[in-house]
Structure formats: C-alpha cells, structure tokens
Amino acid sequence: MRRSPLRRRSPLKRGGRPLLRRTPLRARSKKQEAVYRVRRRLVAELLAERPVCERCRSARSTDVHEPRMRSRRPDMDITDPRECVCLCRACHTWVHTHPAEATREGWLIPSWAELAECGVHPTTAACETCTACRKCGPCECELSTEGAREAAWPG
C-alpha cells in the first residue's frame, strides 16, 4: 500500500521559553564533591606530566582515561594516578567505541582480569621472571640486565 508523505498542519512556533527539566539535577554530596576536587587536581597534574597521547604518541593528550572502568569496578579509587592513562580525544573515543580491540591492546581491563603485583595492571604487564609490573616502572630483572649491559659496554 502506497502512502502520501506526512504534512504539518500548523507551522512550528519560533521563540518561546527554553526547555525545562522535569526533575532537577541531583547535587553531589559533600563527600563526593571532595573526591572530585582531588580528582580535578590530579587530572590537571597528569595532563601536565604526560602532554602526549600514550596510545598514538602524536597528538596532545586531553583526556584522562581509566583502563579499569568505574562501571566495571565501583570500588576503584579515582584519585590513584596509577589507574589513569592520558589520551587524546580521538584515541579516548576509539577506546570506548571499540571495547573488544581496546581490551586486547590493554586500554580496557576487564573486571575479572588477574592483576599484577602492583594491584592495578593486568598480569600481562608483569615480568615473566619476577612478576613485577612493567607499566609501573622497570622491574629488577630489567635493571640488572641493563646494569650488566652497561658494564659489558666498552667505553
């Protein structure tokens, strides 16, 4: 059955009052507001420390991303800098629009993943020999091999 297109009977009204919310926004509690005050300071410090996107290494970092998302782990401390990664807007959008690929690359950490010794990063970031987390810094194995390499290097 073929239908004719819908037609407006009266013109749209211009102007008028702005749209109003039916229910007002809930205010944050004083406790939550204190946490977010610390969080805002942390975000500013992290973006100053890490000005380049940690994923593409070319654009300026503008967003602080938590690989272990708050929705997947409600007990997470949002003021812990080890839980944060600085990304550009494009990479941050990519991480959240491609969760399967981002999880494979380590930009998202599932809530069921086993954690390394640091308690923040997954076991895939841990050293095979000493189980220390390589994302938190060089492990003892790497430091000892670098020292051995420097000692063996002539000059």
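The values are calculated or read from the model by the stated rules, or taken from the named source; none is laboratory data. Note that the structure is predicted; figures quoted are calculated from it, not measured. No Cβ is skipped: glycine too gets one built from the backbone with ideal geometry, and neighbour counts run over all protein chains shown.
Miscellaneous remarks
- Test result for Ser4, at pLDDT 85 or above and over 29 Å from Trp112 (Cα atoms): no
- Looking only at residues in the stretch 51-68 that are touching a residue at least 40 places away in the same chain (Cβ under 8 Å) and in a loop (DSSP other than H, G, I, E, B), the one that is nearest to Lys31 (Cα to Cα) is Arg68.
- Cβ pairs under 6 Å, 6+ apart, first in the stretch 74-95 and outside the structural domain of Arg60 (by TED's automatic domain parsing), second assigned to a helix (DSSP H, G or I): none
- Residue in the stretch 16-38 that is in contact (Cβ under 8 Å) with a residue 40 or more places away in the chain, in a loop (DSSP other than H, G, I, E, B), surrounded by 11 or more Cβ atoms within 10 Å (Cβ to Cβ) and in contact with a helix residue (DSSP H, G or I) (Cβ under 9 Å, 6 or more places away or on another chain) present: no
- The single residue among Thr93, Thr79, Thr103, Thr97 that is among the polar types (S, T, N, Q) and under 14 Å from Ala44 (Cα atoms) turns out to be Thr79.
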